[in-house]
Amino acid sequence: MAAPQSSSDSSYFSSLLTAPPPLTAFDAFKKTNSTYKEKTTRGGFFTLLIALVVALLVWFELREYLYGEADYSFSVDRGISHELQLNFDATVATPCHYLTVDVRDAVGDRLHISDEFKKEGTTFEIGTARILENLRTRPELSASEMLKGSKGKRQFAKTKKIVENGPACRIFGSMDVKKVTGNLHITTLGHGYMSWEHTDHALMNLSHVVHEFSFGPYFPKIVQPLDNSVYIPLADFHIFQYFLSVVSTTYIDARRRILHTNQYSVTDMDRTTEHGKGVPGIFFKYDIEPMSLTIRERTTSLLQFLVRLAGIVGGVLVCSDFGFRTADFLISGLLDKNAEPLPGFESKSPRLRTPKL
């Protein structure tokens, strides 16, 4: 006959039967019973605020992952280059027959490029052009977008309104010049250089619209400082001078494709002169700076993006939880201090009340 089980043995076996599984027992994360949770308006507002912060941070990370982030670095230009591609497109309010275009560089060479640049008669229209001081800052394109159109020489659009022997002239073209300080200038016949023909002062109007002025390979839609600028003088004998500082620029996109081109900054000056005391015209004086700008497009991999995303979301949630608990503790303590004691009790501490003797 078996011996009866003691109460201690039965409690031991019952504890084994009710023991939690090993993985459930090994839980490092704190749990809160549903009966201890209290939903408040303050907590709901805080939750919405944290959700908005997390959404903004996720959006910033996603935009950087999709579009990349440009990294700019300057250095001394150690490259050796003998030629510089010059792209020019402008409309001057003077008939083409009376306009001459020349380039003179620091070496002393003078290039008469009126025949090399194309000239087409048209009408003078400002369109969407703006005065140089009023040009708005426009967004830059990424290197990958620039590289799409950097094959070969600049392809200029057709003249919108061609007028044979029109009152204005569109001058445009692309050519290679020496990579030294130079001056591209537009003057009229008989003013500044010896000519058998003298331009009538009534026909000489140096109002102009610069559609494009750039150096190096062309890339679509990027806007240089002089692009789409206009200037209208108040007198016929007028001198326009633009001073350009050209900086060699290298674009490296996320695929390690390289584009060598140039950017420039510009200042301008204009003044009215008298006949025989100055050369009226439009002068673009460019100077080559001894520095180089490198722009790299940096993009993160998918794994890096996910790791950074997890770190951001987890960090915000942990910090917000700590901040909410601290604020709730301070607010609860303040409310307990301001609470009036119940009749017959004397408050000894914010959370302990003892009856009066």
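Over segment 235-342, give the accessible area per residue in Å² for a 1.4 Å probe, as an integer.
Numbers: 6400 Å² over 108 residues.
Using a 1.4 Å probe on heavy atoms only, each residue of segment 235-342 averages 59 Å².
Order H82, H238, H275 by their accessible area, 1.4 angstrom probe, all chains in place, largest first. The partial results should precede the final answer.
Working: H82 145, H238 10, H275 115 Å².
Most to least solvent-accessible, the answer reads H82, H275, H238.
Rounded to the nearest 5, what is the percent of antiparallel bridges among the DSSP beta bridges in segment 241-293?
On the way: 12 of 20 bridges.
That works out to approximately 60 percent antiparallel.
Shape verdict for segment 211-333, please, from the Cα gyration tensor: rounded (a/c under 1.5), prolate (a/b greater than b/c) or oblate.
Judged from the Cα gyration tensor, segment 211-333 comes out prolate (a/c at least 1.5, a/b above b/c).
Which cross-chain or sequence-distant (5 or more) residues have an amide H under 5 Å from the amide H of V101, H modelled 1.01 Å from N in plane?
Distant-sequence amide H within range of V101: I113, S114.
Specify whether the C-alpha gyration tensor of segment 261-312 places it in the rounded, prolate or oblate class, a ≥ b ≥ c being the square roots of the eigenvalues: rounded for a/c under 1.5, otherwise prolate if a/b is larger than b/c and oblate if not. If you can, show how the numbers build up before the last one.
On the way: a/c = 7.07, a/b = 4.15, b/c = 1.70.
Prolate.
In square nanometres, what is one fourth of the surface area of the convex hull spanned by the alpha carbons of segment 171-262? Write down the numbers at each step before the final one.
On the way: hull surface 32.0 nm².
In nm², the orientation-averaged hull projection of segment 171-262 is 8.0.
To the nearest 0.05, what FRET efficiency results for M291 and F60 with a Förster distance of 25 Å applied to their C-beta separation?
Values: r = 32 Å, r/R0 = 1.26.
The formula returns an efficiency of 0.20 here.
The values are calculated or read from the model by the stated rules, or taken from the named source; none is laboratory data. What you see is a predicted model; the values in this text were computed from it and never measured. Cβ coordinates were reconstructed from backbone atoms using ideal geometry, including for glycine residues, and neighbour counts include every protein chain displayed. Heavy atoms of the whole protein, side chains included, go into the accessibility calculation; ligands, DNA and RNA do not. Shrake-Rupley method; radii C 1.70, N 1.55, O 1.52, S 1.80 Å.
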